[in-house]
Structures are given as C-alpha cells and as structure tokens.
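The values are calculated or read from the model by the stated rules, or taken from the named source; none is laboratory data. Computed from a predicted structure; not experimentally measured. Note that we place each Cβ from the backbone using ideal geometry, even for glycine, and neighbour counts take in every protein chain shown. We work out accessible area using only protein heavy atoms, side chains counted, and drop any ligands, DNA or RNA first. Shrake-Rupley method; radii C 1.70, N 1.55, O 1.52, S 1.80 Å.
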Amino acid sequence: MKAVIMAGGKGTRLRPLTCHIPKPMVPLLSKPCMEYIIELLRDHGITDIAVTVQYLPDVIRDYFGDGREFGVNLHYFEETAPLGTAGSVKNAEPFLDERFIVISGDALTDFDLTQATRFHEQNGALSTLVLTKVSHPLEYGVVMTGPDGKVIRFLEKPSWGEVFSDTVNTGIYILEPEVLGRMEPGVECDFSNQLFPELLKDGLPMYGYVSSGYWSDIGSLEQYRQTQFDMLDRKVNVRIRGREIRPGIYVGDNVAHAPSVRWHGPAFIGDGSVLGDGVEVGEYCIVGKNNQLRKGSSIHRTILWDHNHIAEHNELRGATLASQITSKEHAEYADGSVVGSHCVVGRKSSIRPGVKVWPKKRIRENSRLTSSLIWGEHSAKSLFKSDGVTGAPNVDITPEFAARFAAAYGATLAPGKALTVSSSHQEFAKTLRRTVAASLQSAGTHVIDLGETLPPVARFGVRQLSAAGGIHIQLDANAGLCTIECYDGAGLPISKAAERKAENSFWQEDYGRAPWDRLGTYHTDDSIAELYLKSVLAETALEEGDASAGRYRLVIAAAPPVFSLLGPLLEHMGCELLYLSGILHKSALSDYVAAHRADLGLWIDASGRHLALVTPEGEPLEGDRLRIVQYLALFHRYPGAAIGLPVSAPQLLESFAEGLGCRTSRTKETARAVMEASPELPFHPAYDALFATALIVQNMRRSGLTVSELLNMIPSFHLQREHVDCPWDAKGQVMRQLMEQAKDAEVDLVDGIKFYHDGGWVLLLPDSDEPVFQVIAHADRPEIAEVLVRRYREQILSHL
C-alpha cells in the first residue's frame, strides 16, 4: 500500500507564522507537523509515499530529502497551477498503481490506519473517508453514514442550521487506483465538492470509518497552540523528542538551564536552548531549538520556535513567536500576540492582546503596539543613534550585519576613497573590524587598518592620515553593547545627512560592489598611538614663564588599553602614578586617594572618552562640575579660540571664556556640533579623556592650584536634570504644544526649547535615542532649579 501526503497548503490563517514556510512545516514541539505524519505512515508499514507540493516546495524538499533519513521513500509531485485536493493527487497518478491512502501534511493524528484499511477491505469500498467526532463541526465537512457505514450525505462547512451530524471529514481517505480515472489530468478538482458527490450520485461504494483516535487540523492560530498543549497532556500518541526531567517537562539534547529556573509545566524545551538565572517556565510552554532566555524572563502558555534571543526580564503570556526574533530587555507580550520571524522587538516594548507582527519588522523601544504591523519594512527609529550604530554584540551587531553595513557605507560614502578601520581590544570587536575591512574593500574602498585602539586615537588617525573618514568598532563589555562609530575626514562623527545616505542604502540594499579585479586596497598602520601621544604632549607642555608645582601623585583606575597610553603620557608630565588595574569603579577611588595622600584620583572608561575625578579630600567630581574644570583648563590653554558650548552647559562658562578672550557659541548637544564649533582645537576634552586629563594636570602645574582650590574659586550654580517618559508617537505633539507656549516667552531654539526665567533657565530636550524628554534647569539656588523642573515636567505630562 502506498500513500499520498498533501503538502501544498499555504496556511493563510496561520500568518504571520507561515509567511515564509508552508503549512506542513509549521513545528509542533520542535518538529514539522508533516514529520509526525511520516512517522505515523511508517509505523503502519507504509513507506512508499508521494508528496504533493505547491507553496514553497523547496522548503519541504530541503528538509525531508528523499525520505531515507526518516525510514521512507519520498517522491515529489509539484503543481505548477492549482489543481484542487483531488487534482493534486491525480497529478501523482503514475506513482499510484495500487491501493493508497491520502492524508494531509498539516494535521496531527494518531489514527489507527491499519484498522481503517482493514475496514476498507472488508467492505469492498472504492473509497473510504476516515471520520471523527467533534464538538463544533462548523469548520469541517459534515458526513452522515448509514448503519453499515455507507456514506449517505455530506456537506462541506455547513451553517449551524445545516449541521446534521457531529461526524466530520478529516481529509484522510483510502482509495483504489480506479478513482483517479474519474478525473481529467491537469483539471482542478476537489474531493469534497466534486469527486465524492459524483461517487455518491453514481452509487459507487463509498464508506465512512469513524476513528476513535486523536485528530487536529492546525488551520488556525488557536488550534495550532491547543494541539501542542494536547501533545504535552499526552492526549495524542506521538513521539516527543526529549527526555522527561520532571513530570510533564520534556527537554532535548544539550539544553542548559540555571539551577534557579522555576519549572511549572507541562513544558517542552528543544535542543540547544539556554535558560538563564531566575527564568520562569510556566504551564504549557514550548521552546524550540537554540533559544536563549536571559535572566529573569518569564513565559506562560507561550510558544517559541527556533533561534530566538529573549533578553532579560521579558514577560510572555500566551504569545507565539516564530524564529530568529530578538526581543530586548523588559519587553512584554500579551495573550494571543503573534510575531513573525526575523523581527526585532525593542526594549520595554509592549505587544498587546491579539496583535500580529509580520516578519522582518523592527519595533522601536518603549512602543505599545495595539494593532497588527503588516506593511512597511520596520517601525524602528533610525539605524544610527547618538553614538553610532549600537546594539547587543552578536545579537543585533553580528558579523553579517557589519558586512552589510560596511558595504552600504563604503559604496555610498567612500567609493574609491580611503577609510581607516579600528576596534577595541576584545576578540569580537577585532572580528568585526576584519569583517568591516573586507566588506569595504569589496565596495571599492581603500582600507587603512589602525588595529586595536581607543576612539579618540582613531579620530586622530583619520586626520593624521588624511583619510576620507573612519569606522571604529567599540565593545562595552559591562553594558553589553557594541557600537559602530563613523567619522568624517575631520575625525568628527558623520553628519546627519551622511547617516541618512548610509541608512537608506543599507535598508534598501541599494549599493554596488566593485569588480573583482578592482577591489579596494588594504594596509596597516601601527604608528598612530605613538603620534597621538606626541601630539597631546606637545599641546599640553608648559610654556616659558608658567609656574610648576612639581610632581603630582595620581591614583588611576582605568582598563589596561587606556592605561597603556595614559601612563606614558602622565609620566612624561612628571606625575607619580598609582595604577589600580583591578579597580575600575568610580566609587572605590575615594579611599585610595585618601590612603595614598594623592593629589587627584582619576577614572576613565574603557573607551577613553569619559572621565571622573576624585579630589584630594575624597570628593567625587563629574557631570557639570567636572565640565567647568575641563573648560577652564581649555580656556587657559587656548585663549582667543572659538569654542563651542553645548546648550545645556552652565551659564557661567561664557563669563569665564570672555575673561580669557575666548569666543563661545551655544551648540546642539551632539559631539559633532560641539567639536565643529571648535575648529581651532586639535583635541576636545569633553570627548577625549586622555587629553582632558593632560589638560587638567597642565592647568594645575601652570597655576599651582589643586582641583579643590580651583573649584573653591568658582561661583556656586545649580543644574538639575530629570528624564520625563514620553512615548515616541507623542513627542511631536508635545513639542508642538510647547512651541505654542513659547510664542510669548524668551526662548532659544538651538536644541530643544530653552525657556529663560528670572534667576535661571530650563531646557526641554527630546532625547534622540530614548522615548523621554530631558528637563534641565539652571539657577542660582537649588530650590529655584527644583521648581522649574517640577513645573515643566507637569507641562510635558499634561500634553500626553
């Protein structure tokens, strides 16, 4: 006896799960539905099987091949045009030279096919329909049989008024080859609507066999989910691939789970999946292959397909997620939500009940998705954030992503030009650097590899080598972030216009490749760090007539790559250094500074950009007070220079600059805007912690004053900063209403809206990376700053 598996279904009602796979390949407990049908046929001795395919046939062929791996022989018959259920079987007629069974590849059953075949033989039937009893027959073909089992009436998908039986057609038929002779080849024909009514009309022997086993058509999302819950409850006799580690909890091979995982069950965890600390696996959870569930995430009645990355503290309740989805921290999925493959769901996003997200969509951070997302490529913000292109390493920022990005970037912004590439010291960052270099070359861009270095050194290298720009890969291991930074020919972060060009090229994949024999060149340059040190030393050397307080003792907390540059720099400046290689937290510095009677404590982050100080008295110095110290040293070093001040900087900086002959201008908050407004500066202390350190030490040596003494000479001021949550979609509305209010007020519109008041000002700045407003108030007294922040916070909230 042979068999035909009908595997041409599109599974329209299962979308978005079936956008890229045919319905028979939808997984049930991490195995395609059709695989269970093959196992059932094989268990009943049926191994010669025809497979009729139409929608995405290669997906089925690639998985099952010729069937030998599954203990059967498969023969494929593809429909080039729709032929209907019976017509597709007619298409396999050359193979069907003996009695055969027709069965759907997209339903799950454990029917006793041997017993059904025996019933067919005993009754001498030409065709036998395998039937089952259901509580709600509206979605099926209802069949009525006589006492002897002969079919006497049937109706396809009746209304309630037409329901005359609870016995329905399962789409499983046992047929004799002669049945195929009643159909024309290549002509569309349906079993229930055409062939069977004709057999019944002609009085040919057609019987119905009512099976007592399990049967489920996974035609809807609800039934698809319930079928797997039934499998976990062992309502269907199928093989579950995995071992039962607890009652009702099945785990595949190479599954790693922390001891603190909370199991409820029943549940299934597929091969290679990883469950982190504190993960909660609630009842009726199905986790496919190679999923990662990070710390504190909780899933209940949730189905995950394969290769998903669920970040920390996600909550999934009654959700269904397809494959290769990246779900960022604190995302929430409500009951009935469905997400297609290759989606990215942003941090703190919420997908509400019943919402469906089609494949390859990007849901931006803090979104509240209340309706299905079907059209459009993505709902994300721009690819670039304030620091560059940022994401989780090997999750968002992968070698594949880096290769595409670099190709788009090189082909759009630097074809035939030279770009530098550089990275931080970690192996992953170095891997991306090599990937970026190769991809740039493929776009016809010449590459100068600066190796492992810091961003300030990389920006210096662009200028030193007269390159058209540069790409630097920075990995922040503590934050779990990887950033691709892009510089222009001046070593500044690229402009918004350049970002848009690169981004459009990336999303649209509208970029060319160079001919294979005209690739960009590649060479390395390991001299930039040394040249950088020499240049910083030259800029911060004492001039003739400057005083010097002698040798300063500094306590330094910095990563080794930072100290490898900072140490020689400060030693050349005559400093005595105590290096805390294992202490990288700012909070630990105070005790060391006091214990060693140091003149200054210094903390620099791993990128070499961000700085914090500790005074000899153990007082931490960062934020706006540190900014004052940095700019004072800058004004003294470059009197008369044009210097940009971010719009949120303390007001008294203007008077300091004027006293030293410097020309200041207020700019946007971005690093590019501030540095662009300071064209005479070879380095900028706000974005180069090594230069800032050297500048501050130079100022101490010049003036003979400690940082504490310098601070005591600065008039008091108060800056209060607060973040106010504001959904992305409401930002425009809030800004419009605030601008209405600004019509009759004294304001600056350099960046955001800056309102002036007696005794101070307040800046309302919509954040470019997060769904928040920054509220920054400046005043002579802290109580005034607090009142301003409270007043404008309430105004923002009132406009939501």
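One table, with the values for the structure above:
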| quantity | calculated |
| --- | --- |
| Under-5 Å amide H pairs with residue 373, H placed in peptide plane, nonlocal only | 356, 357, 358 |
| Cα gyration tensor category, rounded, prolate or oblate, for region 613-692 with a/c compared to 1.5 | prolate |
| Share of pairwise Cα separations in region 1-134, more than 25 Å, in percent | 22 |
| Computed lengthening from residue 201 to residue 790, 0.36 nm per intervening residue step minus Cα-Cα distance | 203.8 nm |
| Loop-located GluC sites (Glu not before Pro) in region 677-770 whose Cβ has at most 16 other Cβ within 10 Å (DSSP) | 680, 746 |
| Kirkwood hydrodynamic radius over Cα pairs of region 368-453, then Stokes diffusion coefficient at 10 °C and 1.306 mPa s, in µm²/s | 111 |
| Amide H partners (placed H, <5 Å) of residue 647, local residues excluded | 667, 669 |
| Within straight-line cross-link reach of residue 133, aspartates and glutamates at Cα separation under 17 Å, skipping those fewer than 8 residues along the same chain | 110, 112, 156, 162, 166, 217, 230 |
| Using alpha-carbon coordinates, inclination of helix 399-413 to the longest axis of the chain, degrees | 60 |
| Surface per residue (accessible, 1.4 Å probe) for region 476-538, Å² | 60 |
| Global form of region 13-84, assessed from the alpha-carbon gyration tensor, a/c cut-off 1.5 | oblate |
| Quarter of Cα convex hull surface for region 742-795, i.e. mean projection, nm² | 4.0 |
| At most 15 other Cβ within 10 Å, DSSP loop - GluC sites (Glu not before Pro), region 75-153 | 98 |
| Highest to lowest packing among 290-297, 499-506, scored as the average C-beta count within 10 Å | 290-297, 499-506 |
| Cβ crowding within 10 Å averaged over residues, with 522-528, 394-400, 610-616 ranked highest first | 610-616, 394-400, 522-528 |
| From phi via Karplus (6.51, -1.76, 1.60), per-residue ³J(HN,Hα) for region 636-651 in Hz, x at Gly/Pro | 5, 6, 10, x, x, 6, 8, 9, x, 10, x, 4, 8, 5, x, 5 |
| Calculated from backbone phi, Karplus (6.51, -1.76, 1.60) coupling profile of region 325-340 in Hz, x at Gly/Pro | 9, 9, 10, 6, 4, 6, 6, 10, 10, 8, 4, x, 6, 9, 10, x |
| Around residue 711: net Lys/Arg minus Asp/Glu count, Cβ-Cβ under 9 Å | -1 |
| Across 31/90; 385/754; 417/501, pairs whose alpha-carbon gap is larger than 19 Å | 31/90; 385/754 |
| Accessible-area composition of the chain, carbon plus sulfur, in percent [1.4 Å probe] | 48 |
| Per-peptide average of other Cβ atoms within 10 Å, ordering 338-347, 100-109 highest first | 100-109, 338-347 |
| Per-residue SASA entry for residue 486, accessible area with 1.4 Å probe, Å² rounded to 10 | 10 |
| Span from the region 609-673 Cα centroid across to the region 344-422 one, whole angstrom | 35 |
| Relative contact order, percent, the chain [alpha-carbon distance under 8 Å, six or more residues apart] | 6 |
| 14 Å beta-carbon shell around residue 242, net charge (K/R +1, D/E -1) | +4 |
| Reachable aspartates and glutamates from residue 295, criterion Cα separation under 20 angstrom, eight or more residues apart if same chain | 271, 277, 280, 283, 306, 312, 315, 329, 332, 365, 396, 476 |
| Compactness relative to 2.2 N^0.38 Å, alpha carbon Rg of region 445-540 | 1.24 |
| Region 64-82 and region 207-280: distance between their alpha carbon centers, rounded to Å | 27 |
| HN-Hα J in Hz across region 144-152 - Karplus 6.51, -1.76, 1.60, θ = phi - 60°, x for Gly and Pro | 10, 10, x, x, 8, x, 5, 6, 10 |
| Considering only region 214-350, percent of DSSP beta bridges that pair antiparallel, nearest 5 | 10 |
| Rel. contact order, % - alpha carbon contacts under 8 angstrom, at least six apart, region 426-539 | 36 |
| 5 angstrom amide H check on residue 172, placed H, neighbours 5+ away | 130 |
| Sparsely packed chymotrypsin sites (Phe, Trp or Tyr not before Pro) within region 202-255, loop by DSSP, other Cβ within 10 Å at most 16 | none |
| About the Cα centre, charge dipole magnitude for the chain (Lys/Arg +1, Asp/Glu -1 at Cβ), debye | 360 |
| Calculated SAXS-style log₁₀ I(q)/I(0) at q = 0.07, 0.09, 0.10 Å⁻¹ - the chain, Debye, Cα scatterers | -0.69, -0.95, -1.08 |
| Fraction in percent of alpha-carbon pairs per bin - 10 Å, region 415-495 | 21, 54, 23, 2 |
| Antiparallel bridges, percent of DSSP beta bridges restricted to the chain (to nearest 5) | 40 |
| Cα lying deepest toward the dipole's positive end in the chain, options 798, 645, 559, charges on Cβ | 798 |
